[in-house]
1. If R₀ is 41 angstrom, what is the calculated FRET efficiency for the pair N77 and D120, using the beta carbon separation as r and rounding to 0.05?
2. P(r) for region 210-335: what percent of alpha-carbon pairs falls in each 10 Å bin, starting at zero?
3. Quick one: what are the phi-derived ³J(HN,Hα) couplings along region 300-308, Karplus 6.51/-1.76/1.60 with θ = phi - 60°, whole Hz, x for glycine and proline?
4. Averaged per residue, what accessible surface does region 174-256 expose to a 1.4 Å probe, in Å²?
5. How do I263, I145 rank by accessible surface area computed with a 1.4 Å probe, from largest to smallest?
6. Tell me the accessible surface of R48 in square angstrom (1.4 angstrom probe, heavy atoms of protein chains only), to the nearest ten.
7. Work out from phi, with θ = phi - 60° and the Karplus expression 6.51 cos²θ - 1.76 cosθ + 1.60, the ³J(HN,Hα) of each residue of region 184-191, listed in order in whole Hz, and give x for Gly and Pro.
8. With θ set to phi - 60°, apply the Karplus curve 6.51 cos²θ - 1.76 cosθ + 1.60 along region 143-155 and write out the HN-Hα couplings as whole Hz, x wherever there is a Gly or Pro.
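The values are calculated or read from the model by the stated rules, or taken from the named source; none is laboratory data. Keep in mind the model is a prediction, meaning the values are calculated, not measured. With ideal geometry, Cβ positions are generated from the backbone for all residues, glycine too; neighbour counts draw on all protein chains shown. For the accessible areas, the whole protein counts, side chains as well, though only heavy atoms, and no ligand, DNA or RNA atoms are used. Shrake-Rupley method; radii C 1.70, N 1.55, O 1.52, S 1.80 Å.
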Amino acid sequence: MIHCQNCTTRNSLEREFCWKCGSKLLVTSGTVPMDSAIAFMDEHVLERISALEYSINSLTRRVDSLLETIERVAASNFIDHTMIETLTDSLETAGIDLKNLEADWRKRLDSRILETEEVDRLGNRMQRVMDSYRGNDRKQFGLWIEKSYDLFVANKPGESVHFLKTAFENAPANSELGLLLAEVYFQEHEYAKAKDCVGKILKRHPKHFEATFLMGLIQQRRGKLQEAQATLETAVGLKKESSAAHASLGSLLAAIGDRQQAIKHLMTALKLKPSAPVHFLIGAVYYGAGQQRRAIQHLKKATKLDPQFGEAHYQLGLLCLEMNWLRKAQECFKTAQALNPRESRYRKRVRSFSGDATGPDQLNGLIRDELLLVRTESSKRSK
């Protein structure tokens, strides 16, 4: 509060004039005779002013430091940008086509961002494993987990099995660790060992969603489709909002010929989370049912959600070719080839539109055979 020097009325700190008499409010910094009516406020006001000055000075220093950092970054960016422009001009002068340079750069940037996010998720998962530990030798357990983490980051998950297995033997009640080990076994195609790990988790926690879901995938990979169907249906019941569970069950139902139920679960998966692979799967199911136009609609949605999905572009081209939409088919094949130049199927289809080709109308038999790849590839992408 500030006391008016004219009428001694108390005013709030943000006021410039006294609300009662209208006099301008002043803050005194000199000494005041002890008989003054506001002498008792001098020390308090000065302390407040000193605190405010200190806060303002600290803020000013931080702002100055931030400005210096921004200036350094701006100068560095300017230098880097100038260097890139010079390099680009030199390459173009040498006759190198750089029209896809920006697209390739953005693709690599997105890839690096995804890698960073994966590392962060892995770190969080390893922390959950540590938090779930209830043993006596936490230091040794932590060393095993840390070594496993380093191997994961180095893209050597197979080599982490030894440390994860040792840690799980030391802490068999650690469900987070058991599930992680089972997933590594699953990725390494050691399905029997993966099933054993998941079985131990389900014995302790029968309604563990992640373990149930992984068990269904293991059974599917081992060819036990009826067991896999029952397990995946249980997983869906445990977590109805899981897009992955509905998509996996839909893929399995499509494989055993139950198209109606397959479409139902795949559509549910899409409602929960739009996904290019799920649209791809639905396109495969509709094609198998002879509904080419619906299949084309979903393949288009797949390429829209994921423009880098080369196989979706290719399969869309095959369907357009079957519908005799030659220009659209050629566009799809060229896009697929640009995304994956090493894929021989894509190159063959692009060449089929050249002047020396026999013509797309004579390829219908091969087209129908190759369209079976939709099912094969979709099952790969769903796993």
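1. Working: r = 26 Å, r/R0 = 0.62.
After rounding, the FRET efficiency stands at 0.95.
2. Histogramming region 210-335 at 10 Å steps yields 15, 39, 30, 13, 3 percent.
3. 5, 5, 5, 6, 6, 5, 9, x, 8
4. Normalised by residue count, the accessible surface of region 174-256 is 46 Å².
5. Final ranking, largest accessible area leading: I263, I145.
6. 110
7. Each residue's phi maps through the Karplus curve to give 5, 4, 4, 5, 8, 6, 9, 5 Hz.
8. Karplus-based 3J(HN,Hα) across region 143-155 equals 5, 4, 5, 5, 5, 4, 4, 4, 5, 4, 4, 7, 6 Hz.
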